[in-house]
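Computed from the coordinates by the stated procedures, all read-outs in this text should not be read as laboratory data. Just so it is clear, the structure is predicted and the values come from calculations on it, not from any experiment. Positions of Cβ are backbone-derived with ideal geometry, glycine not excepted, and every protein chain shown enters the neighbour counts.
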Amino acid sequence: MIEINKLNKVGDILNSEGMILGLYKNQGGDMFLASRLIDGTGEVFYNTKKDVLIKYLNSEINLREIYLSTDDFFVSKKFREKTNQHMKNEFIELIQMGDKFYNTIAIGMKNENIVKDIISE
């Protein structure tokens, strides 16, 4: 179970009038992503690894593939102040921009500073 309230936000990787893809870390340095859902019902939080995230930033995989690569069977979904656990497969098709490769996303939506930080860590 991902304890969302114990995660520290690093920043938004993608943003367009609000977070589309956010990067978080826990106190141990583990990385988590939050993806906005296209149906407007909140964000889903899931773990990731640096090498997988770099593959996304290099457009080798899309966001959906990052989501599917997580070892978790359950993910945390947050809507307003309410957090629930759900089976991962419930949201595969609902992740905003999940089928897009990073290099096809408009430059104005990308946070190049956070990308540089991820790659240089």
Legend entry - Estimated distance in nm for a label pair at Asn26 and Thr104, the labels positioned 7 Å out from Cα along Cα-to-Cβ: 3.3 nm
Inset, instruction - Using Cα pairs closer than 8 Å and at least 6 residues apart in sequence, work out the relative contact order for the chain, in percent. - result: 25 percent
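Can you give the net charge of the other residues whose Cβ lies under 15 Å from the Cβ of Phe79, counting K and R as +1 and D and E as -1?
Working: positive: Arg36, Lys77, Lys78, Arg80, Lys82; negative: Asp39, Glu43, Glu81, Glu90.
That sum, taken over residues with Cβ under 15 Å, equals +1.
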Inset, instruction - Tell me which residues come under 5 Å, amide H to amide H, from Met31 once H is placed; ignore anything under 5 positions away on its chain. - result: Thr48
Inset, instruction - Determine ³J(HN,Hα), in whole Hz, for all residues of region 32-42 in sequence, where each value follows from phi through the Karplus function 6.51 cos²θ - 1.76 cosθ + 1.60 and θ = phi - 60°; x replaces Gly and Pro. - result: 9, 10, 10, 10, 6, 8, 5, 8, x, 9, x
Legend entry - For region 4-104, alpha-carbon Rg relative to the globular expectation (2.2 N^0.38 Å, N residues): 0.98
Legend entry - Candidate lysines for bridging to Lys25, where Cα separation is under 17 Å - those fewer than 8 sequence places away on the same chain excluded: Lys6, Lys9, Lys49, Lys50, Lys77, Lys78, Lys116
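When the helix-only estimate is applied to the chain (DSSP H runs of n ≥ 4, each -39,500 (n - 2.57), divided by the residue count), what is the mean residue ellipticity at 222 nm, nearest 500 deg cm²/dmol? Numbers along the way, then the final one.
On the way: 3 runs with 24 residues, N = 121.
Only helices count here, giving -5500 deg cm²/dmol.
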Legend entry - Packing rank of 33-46, 85-98, where each peptide gets the mean count of other beta carbons within 10 Å, highest leading: 33-46, 85-98
